[in-house]
Amino acid sequence: MTVWLFMTTGARRGEVCALRWDRFDADAAVLVIRSSIGQRGKRTWEKDTKTHQQRRIALDSQTVALLVAYRRHCAERAGLADLPGNARNFSPMPDGSTWVKPDTVSQRYERMCGRIGWDMHVHQLRHYSATELIAGGVDVRTVAGRLGHGGGGTTTLKVYSAFVAEADQRAAGSLVAHLPPLPARLVLTDAEGGFTAAGTAAQDETGSPYRRIAADLRGAIVSGVLTPGMQLPTVGELSERYAVSHGTAQRAVAVLRTAGLVTVSRGRRAVVRSVIVGSA
């Protein structure tokens, strides 16, 4: 159940550990995040959320049904008709009288992943939730609200810039499908020579992993998500995000450098240099 909630709500580890049953409204299909559990060594304590604000997360019907069934299961395990409202959703005690430790949640998840050959940690489920929402077309401000990011979405843009740009590019593709075609004689080219007469990306750009990564990052620069002076994700981060080798990620950055969009210094992240002329 904890894994499911991480995936569907994007809540932080400590926030899930702090959940109580009186913060789940099955009728309204809402989960309220009010606090978080901190841990240092073996000591744990309840505290405010990271942004010191509570938030309401809308739930889908499957998640509501699972939580209702899980609460019934917990009550039966405790030998009660129902659990009190202040009982913790996830607890080492049958009656939910105390919270589960954040480190315990992480260790259990990592052991589970290890048994099936995955090298993953709990926080990646939060990233999964965010990227799936963005890929599904949910606006950044709504995603930020669900994740508990401050700044009206600024943090979300910085962390998930490539995914926002990818969604933006898909939106542009949907729009152009309803526009009249360009004259056949009008041929558009970019620094890589990768556009066709219809103004769409050539097959080689979408077919080659490094070109796809470069296109995503270029889209983030053009749309203003990545502004001059901002750093690109590291080669390691790009490699993990797109499931490619470090060499492929480096090649994508090299494409942007060749196009004059970023500067690259040895041992440092690539930095946005400028935007494509005429893109503003």
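No lab work stands behind these numbers, since they all come straight from the coordinates. For clarity, every value in this text was computed on a predicted model and none was experimentally measured. Note that we place each Cβ from the backbone using ideal geometry, even for glycine, and neighbour counts take in every protein chain shown.
Assuming R0 = 25 Å, what is the FRET efficiency of Asp48 and Arg108, from their Cβ-Cβ distance, to the nearest 0.05? Let's see the in-between values first.
Values: r = 25 Å, r/R0 = 1.02.
With a Förster radius of 25 Å, E is 0.50.
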Q | Segment Thr227-Ser265, extension gain: residue separation times 0.36 nm, minus the distance between their alpha carbons | A | 11.9 nm
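Using a 10 Å cut-off on Cβ atoms, rank the peptides 129-136, 74-81 from the highest mean neighbour count down.
Order by mean packing, descending: 129-136, 74-81.
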Q: Please identify which residues in the stretch 229-244 have an amide N closer than 15 Å to a label point set 7 Å out from the Cα of Arg273, following the Cα→Cβ vector.
A: 229-232
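Count charges around Cys74 for me, please; just the other residues with Cβ under 10 Å from its Cβ, Lys/Arg as +1, Asp/Glu as -1.
Numbers: positive: Arg71, Arg72, Arg77, Arg88; negative: Glu76, Asp82, Asp95.
Counting the neighbours of Cys74, the net charge comes to +1.
Gain in length, His246 to Asp27, computed as 0.36 nm per residue apart minus the alpha-carbon separation, to one decimal in nm? All intermediate terms of the calculation are to be shown ahead of the outcome.
Working: separation 219, 0.36 × 219 = 78.84 nm, distance 4.80 nm.
Here the segment from His246 to Asp27 would lengthen by 74.0 nm.
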Q | the stretch 2-125 - Rg and Dmax from Cα coordinates, angstrom | A | 14.3, 40
